[in-house]
There are 2 protein chains.
Amino acid sequence: MAKFRVNILGSGSAVPSLRHLPSCQIIDFRDKLFMIDCGECAQLTMRRMRLKFSRLNHVFISHLHGDHCFGLLGLLSTLSLHEKGGTLTVHIFEEGARMFQQALDYFCRERSYDIKFNIIKPEAAVIYEDDGLEVSTIPLKHRVPCVGFVFKEKPKLRHLKGDMVKFYNVPIKQLHDIKCGADFVTDEGVVVPNARLTSDPDPVMSYAYCSDTQFDPRLGEVLKGVKVIYHEATYEDSNAAKAAPRGHSTAREAAIIARMAGAEKLILGHYSKSYENEDQHLAQALEEFPDVTLATEGLKIDLL
Amino acid sequence: MAKFRVNILGSGSAVPSLRHLPSCQIIDFRDKLFMIDCGECAQLTMRRMRLKFSRLNHVFISHLHGDHCFGLLGLLSTLSLHEKGGTLTVHIFEEGARMFQQALDYFCRERSYDIKFNIIKPEAAVIYEDDGLEVSTIPLKHRVPCVGFVFKEKPKLRHLKGDMVKFYNVPIKQLHDIKCGADFVTDEGVVVPNARLTSDPDPVMSYAYCSDTQFDPRLGEVLKGVKVIYHEATYEDSNAAKAAPRGHSTAREAAIIARMAGAEKLILGHYSKSYENEDQHLAQALEEFPDVTLATEGLKIDLL
């Protein structure tokens, strides 16, 4: 079982090429799949990567440019032909919900499952929560309203110290409270501080998806504490002048954001089709930040 | 230069699989490209097959099911990012024109070329003509309004008999009329019949694309004279009961249509994803008709 894995389905920019497909990632969090962006051919790449349609219940669309959503209609239709059940939620800007609802009503009238649209806004907000995970939007600076998504594990329970639990004879029914941080009071009224019964929980993993955006130093602040950052890197230095006017970043700028945020790892993607390879992107990012991975179709990155 | 070539970009049915993409073909007629149907990933397959975007000016959509048109928006957007010029005409039912126009106005506002919608109807009609080619619609019997497309070379000029032309001293300016079938009148008023000056023109090639349709014997009549027929073959005999209720055909039924039409060659496609291979489709079609080819992604069939 994947604990927290990033699957790269598409790492190209607007125009798909023979090397890269348009944007799409799938977060596999404890075997639930969360798709981020859905460029054309996403459903086919899901199949190639053996990511099960039945485990997908949430799709997050960062903004309404075609290379981030032209695969959605095909995916949603195919899910119905696969007789998916339950509910799938598409987190999307209002205009997108309106358009895709209309298209679904025409092309996919009889559905085997419910499609719910959760309207997101270009602001910081928690948009999804379950027992173990929280997903938030963060505003990005692009040519149209656009958000990034931060996937963050919920704080984990503290680890019991088995010998101490036995020593104080803690009843089983109190163990959960103690894992949550409560002190223990013995029958004699003695307070045993939690720190004597438990050790620190495992650290919390977090992942931020930031595409598309121009270089925005505020993002370095907003992402403070996030461990792994995916940041678009449409260009490398020789095309730096094109980046900001088009609402995009260079690989170096992405690395500066990762450094500002104090991240542990940076993943680059959304490469312009004009490059024959991304060697320069990697080299230039490494000048600013030590741990850089180039996203590429089919790559699976285990964060835990 | 391709004289008249069928390129198979997608030969699957509704659900793309690891073996087949949704429907798409490109007719290369004397280096002009004509796309028929545009399932998801068509633009990527065009690139893989090295079919040049710049040579594509017509797209024909047979009906408004997603597996025949979900690649259109991505293709039209990419053409603009490639700075295509001129005009591209999409031949499509009215409802499709309305929907795609709306989507283009949102996702592809600034275009480098003009997109024109030519509204087609579920009836027999000539919808495109140029010096060498004529394209017509033929109504098919599917669950929604649906047409096939017949691509037919225009009648060619008769071949001059060089020795006879010289013998009668035919002036150059009259040669075109004679190639078109005119008799020649000498200065002395003697009529030289055309048959003495020319031999028969090359035969005219024709190709019919018939997807999606249930078995319809009338189609065998309508297609009389067409040399090469692509006919959908979603199922083979063991699933024959599913075919008509779903508006589809078996491979055997496709072959019966080809036989009724007196065609020279049959191409099968639009296979249900439930098959591991199409051996049965081929074998059963061959029991009814002698020259059968299985369409498959990447296949190029030269008709001339």
Would you say residue B:95 is modelled with pLDDT of 95 or more and in contact with a strand residue (DSSP E or B) (Cβ under 6 Å, 6 or more places away or on another chain)?
no
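This table checks each residue for (1) in contact with a Phe, Trp or Tyr (Cβ under 9 Å, 6 or more places away or on another chain); (2) of a type outside the set (Lys, Arg); (3) within 16 Å of residue A:223 (Cβ to Cβ).
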| residue | (1), (2), (3) |
| --- | --- |
| A:253 | yes, yes, yes |
| A:258 | yes, yes, yes |
| A:286 | no, yes, no |
| A:302 | yes, yes, no |
Residues of region A:221-238 being in contact with a Phe, Trp or Tyr (Cβ under 9 Å, 6 or more places away or on another chain), surrounded by fewer than 24 Cβ atoms within 10 Å (Cβ to Cβ) and not in a loop (DSSP other than H, G, I, E, B), in sequence order, are A:228
* To do: With the condition kept exactly as written, say whether any residue in region A:209-228 is touching a residue at least 24 places away in the same chain (Cβ under 8 Å) and at positive phi.
  => yes
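With B:238, B:249, B:274 as the choices, which residue is of a type in the set (S, T, N, Q) and modelled with pLDDT under 95?
Result of the check over B:238, B:249, B:274: B:274.
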* Yes or no: residue B:123 within 14 Å of chain A (Cβ to nearest Cβ) and loosely packed, with under 13 Cβ neighbours inside 10 Å? -> no
Per the filter on region B:50-66, residues within 11 Å of chain A (Cβ to nearest Cβ) and part of a loop (DSSP other than H, G, I, E, B) are B:50, B:64, B:65
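To keep it simple, each residue is scored yes or no on (1) modelled with pLDDT of 95 or more; (2) on the phi < 0 side of the Ramachandran plot; (3) assigned to a strand (DSSP E or B).
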position: A:16; (1), (2), (3): no, yes, no
position: A:22; (1), (2), (3): yes, yes, no
position: A:25; (1), (2), (3): yes, yes, yes
position: A:28; (1), (2), (3): yes, yes, yes
position: A:35; (1), (2), (3): yes, yes, yes
position: A:38; (1), (2), (3): yes, yes, no
position: A:43; (1), (2), (3): yes, yes, no
Quick check on residue A:189: is it of a type outside the set (Phe, Trp, Tyr) and either within 21 Å of residue A:34 (Cβ to Cβ) or surrounded by fewer than 12 Cβ atoms within 10 Å (Cβ to Cβ) (or both)? yes
**Asked** Looking at this structure, is residue B:253 under 33 Å from the mean Cα position of the chain (by Cα), closer than 24 Å to residue B:126 by Cβ, in a helix (DSSP H, G or I) and assigned by TED's automatic domain parsing to the domain that holds residue B:279?
**Response** no
Review point. Somewhere in region A:81-94, is a residue aliphatic (A, V, I, L, M), farther than 19 Å from residue B:40 by Cα and out of contact with any Phe, Trp or Tyr (no Cβ under 9 Å at 6 or more places or on another chain)?
Key: no
Residue hits (region B:94-103; more than 8 Å from chain A (Cβ to nearest Cβ) and either closer than 18 Å to residue B:22 by Cβ or in contact (Cβ under 8 Å) with a residue 60 or more places away in the chain (or both)) are B:96, B:100
### Query
For residue A:128, are the conditions met, namely being more than 28 Å from residue B:109 (Cα to Cα) and in contact with a Gly (Cβ under 9 Å, 6 or more places away or on another chain)?
no
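Of everything in region B:122-132, what is farther than 30 Å from residue B:242 by Cβ and assigned to a loop (DSSP other than H, G, I, E, B)? Give them in sequence order.
Within region B:122-132, B:130, B:131, B:132 meet the criteria.
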Residues of region A:46-62 being under 17 Å from the mean Cα position of the chain (by Cα) and surrounded by fewer than 24 Cβ atoms within 10 Å (Cβ to Cβ), in sequence order, are A:46, A:51, A:55, A:56, A:57, A:58
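It is to be established whether one or more residues within region B:204-220 are loosely packed, with under 12 Cβ neighbours inside 10 Å, of a type outside the set (Gly, Ala, Ser) and either more than 16 Å from residue B:252 (Cα to Cα) or in contact with a Pro (Cβ under 8 Å, 6 or more places away or on another chain) (or both).
The answer is no, given that none of the residues of region B:204-220 is loosely packed, with under 12 Cβ neighbours inside 10 Å, of a type outside the set (Gly, Ala, Ser) and either more than 16 Å from residue B:252 (Cα to Cα) or in contact with a Pro (Cβ under 8 Å, 6 or more places away or on another chain) (or both).
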- Query: Out of curiosity, is residue A:147 at pLDDT below 95, out of contact with any helix residue (DSSP H, G or I) (no Cβ under 6 Å at 6 or more places or on another chain) and hydrophobic (A, V, I, L, M, F, W, C)?
  - Reply: no
Subset of region A:1-12, residues assigned to a loop (DSSP other than H, G, I, E, B) and at pLDDT 95 or above, comes to A:11
How many residues of region B:72-121 are part of a strand (DSSP E or B) and hydrophobic (A, V, I, L, M, F, W, C)? The answer is 6
Flagged in region B:104-117 as at the interface with another protein chain (Cβ under 9 Å from one of its Cβ atoms) and touching an Asp or Glu at 6+ places or on another chain (Cβ under 9 Å), in numbering order, are B:106
Of those in region A:171-227 that are of a type in the set (Phe, Trp, Tyr) and under 18 Å from the mean Cα position of the chain (by Cα), the residue nearest to residue A:147 (Cα to Cα) is A:209
If you go through A:135, A:204, A:150, the only one that is assigned to a loop (DSSP other than H, G, I, E, B) and of a type in the set (A, V, I, L, M) is A:204
Given the conditions (1) buried (at least 23 other Cβ atoms within 10 Å of the Cβ); (2) more than 8 Å from chain A (Cβ to nearest Cβ), every one holds for residue B:40 apart from (2)
- Message: Among the residues in region B:76-83, are any more than 13 Å from chain A (Cβ to nearest Cβ), under 29 Å from residue A:95 (Cβ atoms) and surrounded by 19 or more Cβ atoms within 10 Å (Cβ to Cβ)?
- Response: no
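The values are calculated or read from the model by the stated rules, or taken from the named source; none is laboratory data. Note that this is a predicted model, so its numbers are computed, not measured. Cβ coordinates were reconstructed from backbone atoms using ideal geometry, including for glycine residues, and neighbour counts include every protein chain displayed.
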